Amino acid sequence: MSENQRPDIQVAVTMRKERVTGAAARWVDWRWKLHDVALHSEAFGHAPRCLHSGEEGAHWLFPAMTVQLYRDDAEGYYLNATTEQPCWFVMWRMEEELGFSDELIAVPQVVSLSYNDAGRWLDSQETVEQVPCPIDVAQWIAQFAEDHFVAEPKKRKRPESFKRLEDRFGNPVSISAGPKFGAGDGSR
């Protein structure tokens, strides 16, 4: 592999449309959820398609999505690989007029194995869901993180008593132990 090539794998994402029950059903009839992420197979084809549709919901397959590993995100892979259950993170959006459906459906935009990616997407108010990844994929990102992640040395934390005092606007504040103005001189 050359220096500028990135390790990658192809995956297929399955989204699930399900009927809403309980109190929330007063406002909305359906919701979309991430159902699964699997390694891509040529049998899946390359175009999104509906696998099943009925009164209780639907399943849509989005094949041939590429997951790449980036050296500058090795920390995110390390964080994922060292959890109890490493996961796929899928950012998806509701879309319509896609040429393959007349209805509004959940379309995966990107799949990642990085905690940092998922955090950035959530900070951007995107919809992000996760499902567990297979052991061999977890081992793949763990090896990549081991090869490329360099933990920053911990910096010594300065004691709170040595920090500069600031007001709520960031201006320096001074504290004196002397008497308050007008106090103690007998005048009122």
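No value in this document is a laboratory result; all are computed from the given coordinates. Note that this is a predicted model, so its numbers are computed, not measured. Positions of Cβ are generated from backbone atoms using ideal geometry, with glycine treated the same way; all protein chains shown enter the neighbour counts.
From the helices alone, meaning DSSP H stretches of at least four residues, give me the mean residue ellipticity at 222 nm for the chain, per-run term -39500 (n - 2.57), in deg cm²/dmol to the nearest 500.
-5000 deg cm²/dmol
Mind giving me the nanometre distance, one decimal, between the label points for residue 84 and residue 168, set 7 Å out from Cα along Cα→Cβ?
With each label point 7 Å from Cα toward Cβ, the separation is 4.1 nm.
Grab the Cα-Cα distance for residue 64 and residue 38, subtract it from 0.36 nm times how many residues apart they are, and report the gain in nm with one decimal.
Length gained, residue 64 through residue 38: 8.3 nm.
How big is the charge dipole of the chain about its Cα centre, in debye rounded to the nearest 20, if each Lys and Arg gets +1 on its Cβ and each Asp and Glu gets -1 on its Cβ? Walk me through the numbers before you get to the answer.
Working: 21 positive and 29 negative charges, 274 e Å.
The dipole of the chain has a size of about 1320 debye.
In percent, what relative contact order does region 8-148 have, based on Cα pairs under 8 Å that are 6 or more apart in sequence?
25 percent
Place the peptides 69-75, 27-33 in order of packing, highest mean first, counting for every residue the other Cβ atoms within 10 Å and averaging per peptide.
The peptides rank, most packed first, as 69-75, 27-33.
List nothing, just return the count: lysine pairs in the chain, 8 or more apart or interchain, with Cα separation under 28 Å. Numbers along the way, then the final one.
Numbers: 17/33; 154/163; 155/163; 163/180.
Count of close lysine pairs: 4.
Per 10 Å bin, what percent of the C-alpha pairs of region 8-148 does each bin hold, from zero upward?
11, 38, 33, 15, 3, 0
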